[in-house]
């Protein structure tokens, strides 16, 4: 029975941990420095509390993208498989790999597309790297579908970045369009035109507003990772930077 640590059990991490628990894996988490909300999510997911990573076969990092490198450094000395499943650029993924490999771990790149996996068919974990297949086997027959990408060591992160560049950057653009129309006092006119020519946009705007209000504060760093991804391959990076500015205006709930 494999032993896997989840760093850290937020909304997504706890759901991923629960998916592993259902396969029969022993899933643990480190409580040091974590609050009551993390403990509640970990308990609900069936995760076991530990003081260290001794005996773990793999560590799965699911954290805000701005913390990915620091989280990797926090496991110095871990010598198993380190899966970075965060929304980061390939360049940041490489920095994470360098950090964990310096301590003897094996790096596997990851990227999650979809909501927290609470039922089958909603969410994919993209994986790349030499031992990606081993990590994928941990999730076979779970509610989180593993997909191995054979397109380079950091292909999973590249997949996540290009996917989110459409879903989240387009949402940021729609939020900006709406706000500009309000400031220009033509929002009612615009909505009337949408009802005729683009009827799906009203619901897309409402969905973007709900998501941004709940999670926009978390997406600012992810948008800058998207900008860096595009810039690294000679593509315009302003889309990501602008989206970061939009989401950065949303406060953290509660």
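How would the range 171-239 be classified by its alpha-carbon gyration tensor: rounded, prolate or oblate, with rounded meaning a/c under 1.5 and the a/b versus b/c comparison settling the rest?
On the way: a/c = 2.44, a/b = 1.87, b/c = 1.31.
It is prolate, given that a/c is not under 1.5 and a/b is the larger ratio.
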Highest mean first, what order results for 15-27, 94-106 on Cβ atoms within 10 Å?
15-27, 94-106
So what's the angle, to the nearest 10 degrees on a 0 to 90 scale, between helix 201-232 and the longest Cα principal axis of the chain?
60 degrees
Order of 153, 30 - criterion: other Cβ atoms within 10 Å of each residue's Cβ, fewest first
153, 30
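Counting only helical runs of four or more DSSP H residues, what would the 222 nm mean residue ellipticity of the chain come to if each run contributes -39,500 (n - 2.57) and the total is spread over all its residues? Spell out each step's value before the answer.
Numbers: 9 runs with 129 residues, N = 254.
Taking each H run of at least 4 residues, the total per residue is -16500 deg cm²/dmol.
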Mean projected area in nm² (Cα convex hull; one quarter of hull surface) for the range 3-152:
7.8 nm²
Between helix 155-183 and the chain: long-axis angle, C-alpha atoms, 0 to 90°, nearest 10
30 degrees
Based on DSSP, what percent of beta bridges with both residues in the range 5-161 are antiparallel, to the nearest 5?
20 percent
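Quote the relative contact order of the chain in percent (integer), defining contacts as alpha-carbon pairs under 8 Å separated by 6+ residues. Please report the intermediate quantities before stating the final value.
Values: 481 pairs, mean separation 37.9, N = 254.
Answer for the chain is 15 percent.
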Note on the range 158-247: contact order normalised by length, alpha-carbon pairs under 8 Å, 6 or more apart, percent, works out to 37 percent
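Would you mind giving the average projected area, over all directions, of the Cα convex hull of the range 63-194 in nm² with one decimal? Kindly include the intermediate steps, with their values, before the conclusion.
Numbers: hull surface 41.5 nm².
It is 10.4 nm².
Counting only Cα atoms, I'd like the Rg/Rh figure for the range 115-254, Kirkwood definition for Rh.
Working: Rg = 18.0 Å, Rh = 17.1 Å.
Taking Rh as the inverse mean 1/r over Cα pairs, Rg/Rh reads 1.05.
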Degrees between helix 90-101 axis and first principal axis of the chain (Cα, 0 to 90, nearest 10)
20 degrees
Reduced to Cα centres, the span from the range 116-181 to the range 1-49 in Å works out to 20 Å
Which shape class applies to the range 109-166: rounded if a/c is under 1.5, otherwise prolate when a/b exceeds b/c and oblate if not, where a ≥ b ≥ c are the square roots of the Cα gyration tensor eigenvalues?
oblate
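Every number in this text was worked out from the coordinates using simple rules, so none of it is lab data. These figures come from a predicted structure and were not determined experimentally. Reconstructed Cβ throughout: ideal geometry from the backbone, glycine too, with neighbour counts over all protein chains shown.
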